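Read the structure below first, then the notes.
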C-alpha cells in the first residue's frame with residue numbers, strides 16, 4: 001500500500017518551513033538582544049556554535065524514531081510528526097495503538113489514517129491549552145508555590161509518578177503478555193518478554209548512571225546526551241539479548 005503522497009510531503013515542507021522561519025526570527029532577536037547587553041561577537045558566535053553542536057546528539061532519537069515508523073507509515077508522516085512538538089516514546093506508543101499487531105506489509109489505509117489522526121490532531125489539545133488556559137494556570141501555580149510549596153511538590157511528584165507508572169506498566173505488561181506478531185506471509189512469531197524487561201532494566205541503569213555522573217562530577221553537559229546514550233545502549237542491549245534468549 002502506498003503511504004507517501006505528494007500532498008503529504010507538501011504539507012510537511014510547509015510545516016518545516018514555518019519552523020525554520022520561527023527559529024530564524026528568534027535567532028535574530030537573540031543576537032540583537034545579546035549585542036544590546038554588551039556581549040562580544042566571539043561570545044555570541046561561541047554560544048551559537050555550541051548550541052548547534054549540542055542539538056545534534058539529542059536529535060539522534062528522532063532519526064531513530066523516523067526509521068522505526070517508516071515501514072508502517074512511510075517517510076512523510078513520521079517526519080512531519082517528529083518535526084514539531086512531542087516525544088518519541090509517545091509517538092511510537094500512539095502508532096502501536098493504531099496499527100495493533102499488524103506487520104508493515106499488512107497496513108491498510110484505515111490504519112494509516114487512524115495513526116495520523118492520533119499522532120497529529122490529538123496533540124493540538126496542548127497548544128490550545130497554552131493559548132487559552134496557560135496564563136491562568138501559571139498564575140495559579142505561582143500562587144500555590146508562594147502559599148503552599150509542599151502541596152505543589154506533592155501534586156507535581158504525583159503527576160510524574162503516575163506518568164512513569166503508566167509507561168512502565170505498558171512496557172512490563174507487553175513483556176509479560178507476549179505479543180504475537182504476524183510477518184504477513186503466514187508466519188507468526190511471539191515477542192520475547194525477557195528481552196523487553198531486561199532491556200528496560202539496562203536502559204534504566206544507563207540513565208541512572210548518567211544522573212550519578214552529572215551529580216558527582218558536575219557534568220551539566222551530559223543532560224543533552226543522556227537520552228541518546230540511553231536509547232543507543234538499550235538498542236544495542238536488545239540486539240545482544242535477542243541473540244541469547
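Okay, residues lined up against (1) surrounded by fewer than 11 Cβ atoms within 10 Å (Cβ to Cβ); (2) modelled with pLDDT of 80 or more; (3) touching a strand residue (DSSP E or B) at 6+ places or on another chain (Cβ under 8 Å):
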| site | (1), (2), (3) |
| --- | --- |
| 28 | yes, yes, no |
| 32 | yes, yes, no |
| 35 | no, yes, no |
| 39 | no, yes, no |
| 46 | no, yes, no |
| 54 | no, no, no |
| 60 | no, no, no |
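In the stretch 179-201, the condition of being assigned by TED's automatic domain parsing to the domain that holds residue 239, modelled with pLDDT of 75 or more, exposed (fewer than 14 other Cβ atoms within 10 Å of the Cβ) and within 23 Å of the chain's Cα centre (by Cα) is met by at least one residue. Against the test of being at pLDDT 80 or above, in a helix (DSSP H, G or I), surrounded by 11 or more Cβ atoms within 10 Å (Cβ to Cβ) and in the same structural domain as residue 59 (by TED's automatic domain parsing), the options 126, 105 yield a single qualifying residue, 126. Taking each residue of the stretch 107-129 that is within 16 Å of residue 78 (Cα to Cα) and looking for partners that are in a helix (DSSP H, G or I) and modelled with pLDDT of 80 or more with beta-carbon atoms closer than 7 Å, six or more apart or interchain, yields 107/72; 112/73; 115/73; 116/77.
Is it true that residue 75 is at pLDDT below 85 and in contact with a helix residue (DSSP H, G or I) (Cβ under 6 Å, 6 or more places away or on another chain)? Taking the combined requirement at face value, the residue does not satisfy it.
The values are calculated or read from the model by the stated rules, or taken from the named source; none is laboratory data. Model, not experiment: these values are computed from the prediction. Reconstructed Cβ throughout: ideal geometry from the backbone, glycine too, with neighbour counts over all protein chains shown.
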